[in-house]
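What follows is a short report on a single structure.
What follows is calculated from the coordinates using simple rules that are stated; it is not laboratory data. Computed from a predicted model, the values in this text were never measured in an experiment. Quick reminder, even Gly has a Cβ in these numbers, built from the backbone with ideal geometry, and neighbours come from all protein chains shown.
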Amino acid sequence: MYNLILSGIRSSYAENHLGDFFYSTALAHKPKLTVELGSFMGYSSLHIAAALRDNKDTESEFHLIDLWDKYPYRHCSMETIVQNFKKNELLSLPHCKCSFINEDVFEADSNYLSSTIDLLHIDISNDGQSLQHCLNRWHEKLNTGGILLFEGGSEERDRIDWMIEYGKKSIRSFTESAWFRDHYEAVTIQPFPSLTFARKIK
C-alpha cells in the first residue's frame with residue numbers, strides 16, 4: 001500500500017478517506033498525463049502521485065496547477081506542498097515528472113493541446129457555475145475515454161454554508177445538465193464532501 005505521511009495536511013477529503021479512491025483510480029487507469037486544478041496542501045495529489053509511482057511500467061507526467069498563496073480564500077504556499085511531496089519521497093520519481101505550476105486554472109488551459117490529458121481532477125471551491133466555466137476551457141483537453149474527477153456532487157455538499165450564503169449554483173444542477181450528460185458518464189461517491197467520477201464519452 002502507499003503508506004503516505006499525511007500529518008498536518010488539511011483536506012475535506014480526508015475525513016472519509018477519499019484518498020483511497022484517488023489512488024485506486026490512478027493505479028487502475030495508468031494515465032500518462034494527469035492534471036490537477038487546485039491542489040492546496042496535496043492530499044489528493046499525494047495519493048495520485050503514489051499511484052503513478054507504483055505504475056512502474058508507465059512513463060507519466062503530473063501537473064499540479066494552483067495559485068497557492070495568491071488565492072484569496074483557504075490556501076497554502078507552493079513550498080508547503082513541495083515539502084509534503086518531498087517527505088513522502090514523491091518529488092523525484094524515475095518514471096513520473098511532477099510539475100508545480102503557479103497559474104490561474106482559467107488561463108492555464110492554453111498550455112495544453114486538445115485530447116492530451118488522461119486524468120483531470122478539479123477542486124477549485126467548486127460550484128455548478130465554476131465547474132461549467134472550467135470545463136468550457138478544459139473539456140477538449142481531456143482524451144475521449146479519459147477520467148474526470150471533481151469535488152462535490154452530493155446534496156449534502158450543495159447545502160454547505162458558503163454555497164447557500166453566496167447563492168452559488170448547485171453542483172447537481174451541473175451534473176444533471178444536458179451538456180454534462182451528453183459528454184460524460186458519471187457517478188458521485190457520496191461520503192462528504194463527495195467526489196464525482198466521470199468518463200468522457202465525446
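Label separation (residue 125 vs residue 102): 1.9 nm, computed from points 7 Å beyond Cα along the C-beta direction. Karplus-based coupling profile of the stretch 151-160, in residue order and whole Hz: 5, x, x, 8, 4, 4, 5, 5, 9, 5, with θ = phi - 60° in 6.51 cos²θ - 1.76 cosθ + 1.60 and x standing for Gly or Pro. With the biggest extent put first, the Cα atoms of the chain measure 43, 35, 31 Å across the principal axes. Each 5 Å bin from zero up to the one holding the largest Cα-Cα distance in the stretch 2-48 carries the following percent of pairs: 5, 21, 33, 25, 14, 3.
For the listed peptides 47-55, 79-87, a ranking on the average number of other beta carbons within 10 Å per residue, highest first, reads 47-55, 79-87.
With the simple spin-label model, which puts each label point 7 Å out from Cα in the Cβ direction, the residue 83 to residue 110 separation comes to 3.4 nm.
Please tell me the relative contact order of the chain in percent, rounded to the nearest whole number, where contacts are Cα pairs under 8 Å and at least six residues apart.
Details: 367 pairs, mean separation 38.7, N = 202.
After rounding, I find 19 percent.
Overall, the chain carries a charge dipole of about 280 debye about its Cα centre when +1 sits on the Cβ of Lys and Arg and -1 on the Cβ of Asp and Glu, all other atoms neutral. Let me make sure I get this right: for the stretch 74-182, a, b and c are the square roots of the gyration tensor eigenvalues over alpha carbons, sorted descending. Under 1.5 in a/c it's rounded, otherwise prolate if a/b > b/c, else oblate. Which is it? It is oblate, given that a/c is not under 1.5 and a/b is not larger than b/c. The string of couplings for the stretch 178-192 from the Karplus curve (6.51, -1.76, 1.60, θ = phi - 60°) is 4, 4, 5, 5, 6, 10, 9, 9, 9, 9, 10, 7, 7, x, 4 Hz, one whole number per residue in order, with x for Gly and Pro. Shown is the FRET efficiency for residue 164 and residue 70, computed with R0 = 22 Å from the Cβ-Cβ distance and rounded to the nearest 0.05: 0.25.
Our summary of shape: the Cα atoms of the stretch 10-127 have principal axis extents of 40, 34, 27 Å, ordered from largest down, in whole angstrom.
Plainly put, the stretch 148-202 has a radius of gyration that is 0.99 times its Kirkwood radius, both from alpha-carbon atoms, as the Rg/Rh ratio.
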